[in-house]
Amino acid sequence: MHLPTNEKQFGFWKMKRDGSSNIAIANLLGISRQAVSKALLVMDEKIESALREMAHANQIVIEKINAERGILLGRSIPFRTPAIIFISGKHGMQVWYEHDGDCGTCQRYTKCIELLWDYATELGIRIEKTADPTGMAEELFEKVKVLV
């Protein structure tokens, strides 16, 4: 499940996901549009492969994949709940399961909020709820599902 986040191609992919056109990426980096297009095709294949491998490893039945956005929607077989696998430029690949968390007693409370805010920011999504990571996740992932 290697995701090459340190490769140039991943940088191109993040720029494209952020809304840059192929020509804008090419001009910014001083390379041809064809080189950018080719790199993005390769990266989309790597992203999709990594998402599929992660789904397989976590026993998630795949419902939808959007490699250009780095999102996989599915259903966890062992947990019997919806699951989402997503790629964050800052946090790498993440697997989240729909659940009612007891966030107030969780040691990862701050980390979850940080990850959710970062991911929402990467995708240009505004989320309203801030005190409860479970509520933030529900809101964010409802909006993410529209992107897939």
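Read the figures in this text as sums done on the coordinates, not as results from a lab. Small disclaimer: the values here were computed from a predicted structure and weren't measured. Methodologically, a virtual Cβ is constructed for each residue, glycine included, from the backbone with ideal geometry; neighbour enumeration extends over all protein chains shown.
Rounded to the nearest 500, the 222 nm mean residue ellipticity of the chain from helices alone is -16000 deg cm²/dmol, with -39,500 (n - 2.57) taken per DSSP H run of at least 4 residues. Quarter the surface of the alpha carbon convex hull of the range 8-147 and you get the mean projected area, 8.7 square nanometres.
The mean sequence separation of alpha-carbon pairs under 8 Å and at least six residues apart, normalised by the residue count of the range 8-147, gives a relative contact order of 14 percent.
Net charge near I85, counting Lys/Arg +1 and Asp/Glu -1 over other residues with Cβ under 12 Å of its Cβ? Numbers along the way, then the final one.
Working: positive: R52, K64, R69, R75; negative: E48, E53, E63.
Residues near I85 contribute +1 overall.
Around the amide H of D132, modelled in the peptide plane, lies no amide H under 5 Å away from a residue 5 or more places distant or on another chain. Maximal additional length on extending the R80-V42 stretch stands at 10.4 nm, based on 0.36 nm per residue less the C-alpha distance.
Karplus-derived 3J(HN,Hα) values for the range 110-125, using 6.51 cos²θ - 1.76 cosθ + 1.60 with θ = phi - 60°, are 5, 4, 5, 4, 4, 4, 5, 5, 4, 5, 4, 5, 4, 8, x, 9 Hz; glycine and proline are entered as x.
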